[in-house]
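The values are calculated or read from the model by the stated rules, or taken from the named source; none is laboratory data. If you're wondering where the values come from, they're calculated on a predicted model, not measured in any experiment. We place every Cβ from the backbone using ideal geometry, glycine too, and count neighbours over all the protein chains shown. To get the accessible areas, we keep the full protein, side chains included, count just its heavy atoms, and leave off ligands, DNA and RNA. Shrake-Rupley method; radii C 1.70, N 1.55, O 1.52, S 1.80 Å.
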Amino acid sequence: MDFNLAGVHWLSDLLLCTQPLPVPTIPTERQFYEENKPFTCLDGSSTIPFDRVNDDYCDCRDGSDEPGTAACPNGSFHCTNAGFRPTFIPSSRINDGICDCCDTTDEYNSGATCQNTCREMGRKERESLQIMAEITKEGFLLKQQLIHEAKRGQEDKQGKLTELQGSKKGLEEKVEALRTVKETAEDPEKEAKERHLKAWEELIRMEKDKTRMAEAFLELDDDADGYVSVAELQSHLELDPDSDGSLSETETQGLLGGADKVDTSTFETVWSGIKDKYLSETLPLFFFIRYIYRLCPFNRVSQKPKFGGSETNLGLWGQWAGPEDNLYSVMKYDHGQGCWQGPNRSTTVKLTCGKETVVTSTSEPSRCEYLMEFTTPAVCQEPASLDEVLHGHTEL
Amino acid sequence: MNSSNSILRTQRMGPLLVLWLAGCLSGTWAVDRGNFKTCDQSAFCKRQRALKPGQSPYRALLETLELTNTKLTLQLINDNNKVRLLLELYRLQGNMTRVKINELKPLKPRFEVPDVLINDPPTEPLSLLSRDENGVVLSLGADSQRLIVSAKPFRLDIMEGREVLLSLNSRGLLAFEHLRIRKDTLLCNYFHLSPLLFLPSLKAKEDEKVEDGMWEETFKSHTDSKPNGPSSISLDFSLPGVENVYGIPEHADSLKLKATDGGDPYRLFNLDVFQYEVFNPMALYGAIPVMLSHSAQRTMGIFWLNAAETWVDISSNTAGKTVFGQMLDYVQGSSETPQTDVRWISESGIIDVFIMLGPTPTDVFSQYASLTGTQAFPPLSALAYHQCRWNYNDQEDVAAVDQGFDDHDIPYDFIWLDIEHTDGKRYFTWDPHKFPQPKDMLQGLLDKRRKMVTIVDPHIKVDSSYKIHNEIRSKGFYVKSKDGGDYEGWCWPGNSGYPDFTNPEMRAWWASMFAYDQYEGSMENMYTWNDMNEPSVFNGPEVTMHKDALHGNWENRDLHNLYGLYVQRATAEGLIERSGGVERPFVLARAFFAGSQRYGAVWTGDNAAEWEHLKISIPMCLSLGLVGVSFCGADVGGFFKSPSTELLVRWYQTGAYQPFFRAHAHLDTPRREPWLFGPENTALIREAVRQRYALLPYWYQLFYHAHHSGQPVMRPLWVEYPQDTATFSMDDQFLLGRDLLVHPVTEEGARGVTAYLPGKGEVWFDVHTFQKHNGAQNLYIPVTISSIPVFQRGGSIISRKARVRRSSSCMEHDPYTLFVALSPKRFAQGELYIDDGHTFNFDKQKQFIHRRFSFANNALSSRNLAPGSQFTTFSWVEKIVILGASKPSKATLKTPDGKESQLEFEFDASMSVLTLRKPGVNAGLDWTVVLQ
């Protein structure tokens, strides 16, 4: 047994001390590790013979004498990761039996069998960077388009306003004069043709509207009982007739034509009164397993059980809450409905660049604190050129 | 986790709980005392406590005395009702006396607690020294110890020389309610069964009056049917010369037990107490009926082996005295010696009491361990840091938290899943949406050499589509209600059944459910948590099981406090079996009893994020350690409510030095993973956790000792300094083993603490600064938020692993740094224990290394403490730090092969610290370093 133990001792000494160990591969630092010359700790705290570099004993306070072993508590290890991205890992991850560097260099004496995954990771990263870059590019174009459209819309409107105001008077006079001419000069046959065309277009429009109405009905009918009730409609604050921020029961009843609930046929009459608002103000819904979450930007976040039950307010628009350098990347909605023995519900919305404006995920990491991921072109930044992106992250 | 609290989530719990909760909602934050009985509300306690001392009706019938090789038997008679009792006296090996009292001829057998003692305690012969009409004197062998049996009134005294160590029934409070026949309509039924049996005893008891609560008792809306009538027992113990008693956990109270005159007795009854308060004698989740008495002269123990509801009264002739009064006694030479009187009252069963005569604390620990066994030796990783929360929501959440620890370079070994991970609170299952691929998740953890704990509670959802329920029901394994049907109550899943864990067949079946092919999605790095095992029954009396529920032939009344032990035992056995008997299990339980230490860890239940709760974690775990349960911890951060950042940091710093180190939080609290409080606080918590990891070799060695010899890991100072009266009522600091003294900071905004360093002529070294302090002094230590004061005893050697990695498994082969703290006589000693960290091979195949390090005559050596064992380690000695050293001219390392080599060293003259550079020897080898 003694013999064995001695063997182990010898073995571990061999492995730990005499195997050539990785020397820092960062070009700027490599110059400090010159073989056969005394090594001065990078913080200058002391100078040691070179054979104490990477000898698995920490001599420098800053850990710089052990760039290739786990001896220093504050050391770090450089993974070259050829084919991927070079990184630093805490030196405590050297030979801990877990593959950290994709080039496997951190596990040179732990018995762990690591595969070199750098190429694969590099490929994947490039792919995802490419996708991201495309998204950013397109998203940014969309954003610019949005800005452009908004600007043009504003200018157009401004210009039109001035123009219209100028011509308004003249036109008003002309209108009066022409009215009489028109009434007598109308060609009855042409009129008939136009009427026919209009009717045809109207029919198509109505069919489309009916489809939307049917969809809306299904969406509104939370408990799937074949009726849209006051409670079910009440969560759609956007339908609020007096825009006071709340949709009272009476108001809702009003929308439903005085009824408590309406079936599909009665819903037709209701639909005509709400369709404009309903369509224009509702963002795509994100379907979760049990709940439907609804985000109305700059207004509120709400949650509704998928199968019946009343809506819960998860927070009202609060403020932008991103980090200093990217304030507009996070929205905070707070002062939602209170939790028992807990805070009022609140929601953090993380915005990322995307081609579409859509909520991609919702979770409740802490009770009554919700997290939404939201993509929109509106936050896309001007992309660096793709080549630049790929080049900056790869060392081949 | 969680107690009755989240009952709050009423939507899921059904209307019944809504009503039940209505009371809580309006109340302030505290326990609702009205939900739990006072002694006055517990009929037997009230009856017993009404008895006055000095009127004992019991007389020993000396003519019935029989003495055999193993025991003495003797009948006692109650002169009031002529009921006879049978007294059995045993002298047990290891300086213990066992006193058993039962009815001579009970109507039906009375419950005797099984499965707690590890064997039939071996006896030694008693010899009769003298005998007359007043009593007998027996020799207890060593140290001129005698046992005196007085006949009228009956009384026992244990003496050593001329000194009375302990007396039984000296106050005449022995009271044994014999089983009797009900004197109303039910009488006929009894006669119908077996009239002959009952006739004689019936006659003798005609004069007895029937009191309220004897045959039926109602508390709040719950009626206890008490078909066996009154059956309580009581006995008093007097401890002359004793001012300090400890133990009888679990209570959120000071370590030194208080006199209970004028208040309620300490209560032992396993209960799920919602939002418990600190500093009171109310019952909590676990019960260990063991009390230690201590004076500067002697330490003794009383083990009251009874699993029924139990109350313990303590009175002391000095407790009520002011300091002035005590001074007056001293000046006037008062002849009154201090004395503590203790009285135990239990609802049913028999009197079976073990008197552990010490005389040292270590002796008492060994004595108790010889009766109930020692602490299970946990896997090394279980001593590391545990990250828990009610709940980690899904696999992505688990992965993100796991990654968070790596991103912030904080080590952890276990991540825990509370009840929400299951499919509708059906234990042994997974929520199919949140945890669709449990094995992928576990493999992910395994790849990082980490582990998981999932919760498996003992209440089973009554649901005919649930396999576990169906099997238990079809096998008849559920606890039965008094009417014979399956007992059902409300718990997390709604209507639930409670498996009868007292049934060995049931336990075997339960254990088999942990097999990898039974518990789907489980893997070898998944361990178990048994919560709610009091058992908790939300709609039961005092939130627990009805006392008239039936476990086979026995009522819950008889064995209530034992249920939780059986749950943990069956689970631990399951984990052992699934590995083919190879791997050590790890099971955490909330309810416990004497002997639970053999099955795993316990924690102090649903505490709160308050400074008071941080403070009370110290005496609560110390009390448990004194009675065998070393693996104890409190939820770091506090379960209910949300801690301030300062409290959280302080709690991590304290928890890092308590045996079971787990952060946990209630569902309704904001997230509190260590990195959520800004980089500075993340760094503070990281440092606290790293201190724990560096010290794991010492923790492991302490647990090996706890397992081997029953010595507590976390100790009150008086255990090591038994004559130092200044340590007797200390609640704010403790020792780990003998060699580390920890003084947590438990005051908000503290800028300093006053630590007491014991030991005249000893020295202590601050482990952070290496500064040396003298013993036997109160030392004011300025503190910052960066750490809490920890001292290493001069004269000790502690091994650490300075290379802290992301989990304890990753550190397995890492080298050791030895911290040698010299005594004023320049001497030091320490140990190192190494094995594979997770199997039983240390025990079955003696595969371990146990080394003794000694520093004497300027030489430090390592020698083998266990020559019969064998194990190889890759770990080596990286560094030796000698505190209190002087500067040598050279340091020579000698190995058994005759080789010598010079070690380089550094010497810090300002702190007298000598650091020897890289001895490099394997940790399993003999070696010596000589300083010249």
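What the table below lists for this structure:
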read-out: Under 16 Å from the Cα of B:LYS220 - lysines, other chains or at least 8 residues apart; value: B:LYS37, B:LYS547
read-out: Isotropic mean projected area of the C-alpha convex hull, the range B:36-144 (nm²); value: 10.1
read-out: Scattering profile of the range B:679-814 at q = 0.09, 0.12, 0.16, 0.17 Å⁻¹ [log10 I(q)/I(0), Debye over alpha-carbon scatterers]; value: -0.29, -0.52, -0.92, -1.03
read-out: Length-normalised contact order of chain B in % [C-alpha pairs under 8 Å, at least 6 apart]; value: 10
read-out: Overall dimensions of chain B as given by Cα atoms, namely Rg and Dmax in Å; value: 28.5, 96
read-out: Per-selection metrics, the protein assembly as shown (Cα): Rg and Dmax in Å; value: 37.8, 145
read-out: For the range A:44-58, Karplus couplings with θ = phi - 60° (6.51, -1.76, 1.60), whole Hz, Gly/Pro x; value: x, 5, 6, 10, 10, x, 5, 5, 9, 6, 6, 9, 6, 9, 8
read-out: Positive minus negative residues near A:GLY63 (Lys, Arg vs Asp, Glu; Cβ under 12 Å); value: -3
read-out: Scaled radius of gyration (Cα, divided by 2.2 N^0.38 Å) that the range B:455-573 gives; value: 1.00
read-out: Whole-angstrom gap from the range B:528-587 to the range B:397-455, using each part's C-alpha centre; value: 25
read-out: Accessible surface, chain B, averaged per residue in Å² (probe 1.4 Å); value: 34
read-out: Accessible surface of chain B [probe 1.4 Å, protein heavy atoms]: carbon and sulfur percent; value: 51
read-out: For the range B:258-300: relative contact order, % (alpha-carbon pairs under 8 angstrom, 6 or more apart); value: 33
read-out: Degrees, to the nearest 10: B:645-655 long Cα axis against longest axis of chain B; value: 80
read-out: Candidate lysines for bridging to B:LYS772, where Cα separation is under 19 Å - those fewer than 8 sequence places away on the same chain excluded; value: B:LYS760, B:LYS825, B:LYS887
read-out: Probe 1.4 Å, all protein chains present, accessible-area order of A:ARG367, A:ARG93, A:ARG30, largest first; value: A:ARG30, A:ARG367, A:ARG93
read-out: Three semi-axes of the equivalent ellipsoid, chain A, Cα gyration tensor, whole Å, largest first; value: 68, 29, 20
read-out: Estimated [θ] at 222 nm from DSSP helical runs (n ≥ 4, -39500 (n - 2.57)) normalised by residues in chain A, nearest 500; value: -13500 deg cm²/dmol
read-out: FRET efficiency estimate (nearest 0.05) - Cβ-Cβ, B:ALA296 to B:ARG33, R0 30 angstrom; value: 0.20
read-out: Most to least accessible of B:LYS82, B:LYS887, B:LYS226 (protein chains only, probe 1.4 Å); value: B:LYS887, B:LYS82, B:LYS226
read-out: The range B:599-674: relative contact order in percent, alpha carbon pairs under 8 Å with at least 6 residues between; value: 34
read-out: Karplus-derived 3J(HN,Hα), 6.51/-1.76/1.60, for each residue of the range B:148-158, Hz, glycine and proline x; value: 10, 9, 9, 7, 9, x, 4, 6, 10, 10, 9
read-out: Area of A:LEU295 that stays accessible when all protein chains are in place (1.4 Å probe, Å², to 10); value: 10
read-out: Relative frequency of Cα-Cα separations exceeding 22 Å in the range A:46-195, percent; value: 70
read-out: Helical contribution to [θ] at 222 nm, DSSP H n ≥ 4, -39,500 (n - 2.57), averaged over chain B, rounded to 500; value: -6000 deg cm²/dmol
read-out: Rg to Rh quotient for the range B:539-673, alpha carbon positions, Kirkwood Rh; value: 1.03
read-out: Equivalent ellipsoid, the range B:750-893 (semi-axes from 5 times Cα gyration tensor eigenvalues, Å); value: 30, 20, 15
read-out: Fluctuation leader among A:LEU171, A:LEU218, A:LEU316 - chain A, Gaussian network, Cα springs under 10 angstrom; value: A:LEU171
read-out: Entries of B:LYS439/B:LYS475; B:LYS425/B:LYS475; B:LYS258/B:LYS480 with Cα pairs more than 27 Å apart; value: B:LYS439/B:LYS475; B:LYS258/B:LYS480
read-out: Set of lysines near A:LYS332 by C-alpha distance (under 17 Å), chain-local residues within fewer than 8 positions excluded; value: A:LYS350
read-out: Restraint check, A:LYS208/A:LYS275; B:LYS108/B:LYS226; B:LYS801/B:LYS879; B:LYS615/B:LYS641; A:LYS174/A:LYS198; A:LYS304/B:LYS461, Cα-Cα greater than 19 Å; value: A:LYS174/A:LYS198; A:LYS304/B:LYS461
